[in-house]
Structure formats: structure tokens, C-alpha cells
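The values are calculated or read from the model by the stated rules, or taken from the named source; none is laboratory data. Quick caveat, the model's predicted, so the values are computed rather than measured. No Cβ is skipped: glycine too gets one built from the backbone with ideal geometry, and neighbour counts run over all protein chains shown.
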2 protein chains.
Amino acid sequence: MVKNIPEIKNKIFERTQLVVIITDADQEDNPIIYANRGFTELTGYTEEEVLGQNCRFLQGEDTDPKAVKKLKDAVRNFEAASIDILNYKKNGEPFWNQLHIDPIYIEEDNKRYFIGMQKDITSFKHAQKQAEEYYREIELLSTPIVPVGEGVSVLPLIGNIDGERVGNIFEKVLPVLERENAEHLILDLSGFTNMDEEATVGIFQLSDLLKLKGIQLIITGITPQIAMKTKELDISSSNFITFRSVRQAVEALERNDI
Amino acid sequence: MVKNIPEIKNKIFERTQLVVIITDADQEDNPIIYANRGFTELTGYTEEEVLGQNCRFLQGEDTDPKAVKKLKDAVRNFEAASIDILNYKKNGEPFWNQLHIDPIYIEEDNKRYFIGMQKDITSFKHAQKQAEEYYREIELLSTPIVPVGEGVSVLPLIGNIDGERVGNIFEKVLPVLERENAEHLILDLSGFTNMDEEATVGIFQLSDLLKLKGIQLIITGITPQIAMKTKELDISSSNFITFRSVRQAVEALERNDI
């Protein structure tokens, strides 16, 4: 059984899944001496356009100079480097390049080369950025404090909030309450889901904090699940008043029942 | 100048950035006849453990049977296939494999092979899932409707909301308003940012819709930016009342001024 692996390996270089160039580190300006099909397809340049060039033609307006410097240093010192760098195709379209360069010494020629292996990680960077933007949006949305009357504000806590976010929310809410000269904060938990222990404790610790600031905490919409949790955690309810709903709390405040 | 590219190419197969196997399509069960260092490092298996095996040992509990079938069909028909598949390392750790297989015919041997090129895209899949989860959370957070009095609810619209999301919000809000027997909805725009045309129109169309349901729309917190936009878009304000703040609207309602 013949296993013609060298020939198959050679064919792998024709696959667009592999994006690779070879540069000659002993020539001035480290020019490209080989670019495979994956490289020409990704970048849009022809083999003729890239051979003999230093690969800085991939850089553009928004390429991070720090990434470029890291690359240059590695080439100068004949060292390996891995870097995510914003590169540009021939048509001007930017793409995120997960670039790995590796120095190679070929003894029989007494010559030094670099291998450059590229991966287009634009969709990964996009998903990452999307997630970050959404997270900031969530942070913003988590603090919908609504002043509903003289000295009364409502803060509905909605969704799957963990202990850390509870902390962040209260950090943002306190200055707002002070600015509004709030005397009462109605914290509505009816839309609150998946509460973990840390979040529960965090919420009920708020009452102590508010008391110090002279603000009365009113908690509404306590679900049976939350009620059980507070019992489990032995949380004292002496520092806050509860009502079934925001409406009942507002009405009690109007009647001066609190 | 000697350019020893075949030897350099050979060295590329020792890089872990390239993950590749070769299988013998003419042998029963398409066994692996070559695995490079990238493959053994990614999967944790040694060369000895993988040579002679069909690569189904990478599959596990949560691998999608549809992906496996697509792979099997491609092998049977000696066709190329690209697929994202959940695979497992030797230590049991799952990873997302962006797998590309390619049939190769080597004429001089009259033999058929497959190249399998793998990419670990676990971090991409993770970022994507994260973004999706955050988006669902945002949808939930965008509808913090707060009933504040008999027949009065407040809906603060917060953040960077586009036209589509405005539509989604109102779709969720209407049944809540009906359930609450709401007579007035206070829509607070003070936390609303980056409004595009579609979103602006959507918001002000809500007043017509609510009127049909017998609900009076009160809009508060209209920023100068929004005011200019409504003028630009020639939006009629006959179907809604405005107040500077939620508090003023609530107080006017208490005094029966509306």
C-alpha cells in the first residue's frame, strides 16, 4: 500500500482553509517569496502582486501601531509572534487577522525564513464586540429608576440579575436618589428571575444602606420563591416595608399610611 | 539564491496553527493515516492512538447527529464538506471544531484520500452564545412596565432602541395594559438614546394604537433631540399629552388635571 503523503501534503497548500506565506528573512525588508491560494483568496491580491513585497501592504488606517511594532520587533529579532491585527483586503475591506509568524532556519541553505500563518477571525471579533455592546446596554437597562411622586421613586429589577450586577445597579441608583431628594424607594421584584443567594443578600442589604441615607425602602412583588429564599437565609425584614404591588405601595404613600 | 520551499512547507506541518489529518478513503472505515502535531496537541491523543482509527472517536454525548450524518454522507460520496461540529478531547473536554474535509485523488497511486482540516472555534461559539443570551436579556429588560396607580402605568424606554425593538416592546406591553385595565400609559423617554427615524415614528404611532384601546398616552422626558426629530418628521401630537417628567404626570393625574 503506497501512502503518498508528501504529494497530499502539497495539495493541502491549495486549500483555502490554510492561509500561509513564506518570507525571506535574509533579504532586505523581509519580502514574501511564497503565498498560497488561501492567502490570495483571503486578501484579494494576486500572487504576482504580493511576491517580492513586505506584507505591510495589508495594514491600513485603523491597524493598531502597537500590533505593527510587535510584528516588526519579532522580525528584527528572528522570533515567533502571535497577534490579532486589523488588516485590509485589496478592495479596502478590513478583516481581523489572527496572525502567527514563526522563524525557520534551513541548515542546508544556511538561510533564514519566516512562515506567516493567517486566520480570518472577523466573525469572532464581531460576536465579541456585539456581546460587549449588549452587556453595556443591559447595565444601562438594569437601572430604570422612575420618580413617580414627591420624594418617591420606583426601581423595577427585571431579569436574571446576579450579585455583581445587583451591586452595580445600587451604585448607580444611590446618586440618582440623592439628586431626587428621595424619601422612599419602591423596589419592585415582580419581574425578577433566577435569583441566586448573593443577589438575594445584596438586595436585602440595600435596606440597611438606604436607612443610613434616610431613605425608606419599600419592596413590592416578592414572589413565593424569593420569600422562601429570605427565610432560608435568615434575612431580617425590620428595615423595609413590603407591599404586594407597586400600585398598592403608591396608594399607601398617597394616603400617608407609611 | 536557493528557495527551499518544499522543505519549509514540510515544517509548516509541525506548527500547531495547522490542524490536519489525512484518511485513506479506499480502506474500510476511512482510517486516519496521518495526523500532524496540531491535531495531536488540540485533541490530546498521541499519533499512535489515532493512526488506523476512524475519526469518530472525536464525537461524544452532545455531538449533533445531523452533523455526523452530513460528514458520513460526504465521505460515502467522496465529496467535500464544511461543518461546525462539537468534538471532544481525550480528557473529555468538548470543543467546537470548524471541520473541512476534502477528497483527494492521487493519480499515480490510483488511490483516494480525504484531507481533514480542523479549526478550534470554541471561543467564537462562546462569544456568539453570550451575545444571544444578552440579546434575550435586553428584550426582557426593555419592557419594565410599572403600574403606579389606579389605571396608570409607567413604561420607561431606556437605551439605544431601534425600530424593530420598539415594535417588540409595544407588542409585549399591550396585553399587560389590558390586563391591568390601564387608562393612562406614561411613556418616559428621558433615558432614551440614539433614536433613529423608524424608532421615533414607532413611538408616536403608539398613541394612535392606544387611543383605539381607550388608553390615553402621556409622554414624558422628551429631550430637545427627540422634539426636533418629531418636528422634522412632521409628527402630529394630537393623540398624546406631554409632561416634563413622570412625577409631574403622576401629580397631574392625582389632581385629575388630565
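Are any of the residues in segment A:14-34 in a helix (DSSP H, G or I) and surrounded by fewer than 19 Cβ atoms within 10 Å (Cβ to Cβ)? Spell out the reasoning first.
Taking segment A:14-34 as the starting set, the residues that turn out to be in a helix (DSSP H, G or I) are none.
Looking for residues that are in a helix (DSSP H, G or I) and surrounded by fewer than 19 Cβ atoms within 10 Å (Cβ to Cβ), one finds none in segment A:14-34, hence no.
Do we have residue B:167 as away from every other protein chain (no Cβ under 14 Å), closer than 19 Å to residue A:141 by Cα and out of contact with any Ser or Thr (no Cβ under 9 Å at 6 or more places or on another chain) here? Walk me through it before giving the result.
On the way: away from every other protein chain (no Cβ under 14 Å): yes; closer than 19 Å to residue A:141 by Cα: yes; out of contact with any Ser or Thr (no Cβ under 9 Å at 6 or more places or on another chain): yes.
Yes, satisfied.
Being of a type in the set (A, V, I, L, M) and either under 30 Å from residue A:31 (Cβ atoms) or more than 7 Å from chain B (Cβ to nearest Cβ) (or both) is the filter; apply it to segment A:97-143 and report the residue that is surrounded by the fewest Cβ atoms within 10 Å (Cβ to Cβ). Checked segment A:97-143; the qualifying residue surrounded by the fewest Cβ atoms within 10 Å (Cβ to Cβ) is A:106. Within segment A:202-215, one or more residues are in the same structural domain as residue A:171 (by the TED database), under 35 Å from the mean Cα position of the chain (by Cα) and polar (S, T, N, Q).
The residue pairs whose first member lies in segment B:59-81 and is assigned by the TED database to the domain that holds residue B:102, whose second member is β-branched (Val, Ile, Thr) and assigned to a helix (DSSP H, G or I), and whose beta carbons are closer than 8 Å, counting only pairs six or more residues apart or on different chains, are B:59/B:68. Just the residues that are in contact with an Asp or Glu (Cβ under 9 Å, 6 or more places away or on another chain) and surrounded by 17 or more Cβ atoms within 10 Å (Cβ to Cβ), please, taken from segment A:162-182. If the condition is that a residue be in contact with an Asp or Glu (Cβ under 9 Å, 6 or more places away or on another chain) and surrounded by 17 or more Cβ atoms within 10 Å (Cβ to Cβ), then A:165, A:166, A:169 are the ones that fit.
Can you pull out every residue in segment A:144-164 that is part of a strand (DSSP E or B) and more than 7 Å from chain B (Cβ to nearest Cβ)?
Once the filter is applied, which keeps residues that are part of a strand (DSSP E or B) and more than 7 Å from chain B (Cβ to nearest Cβ), segment A:144-164 yields A:152, A:153, A:155.
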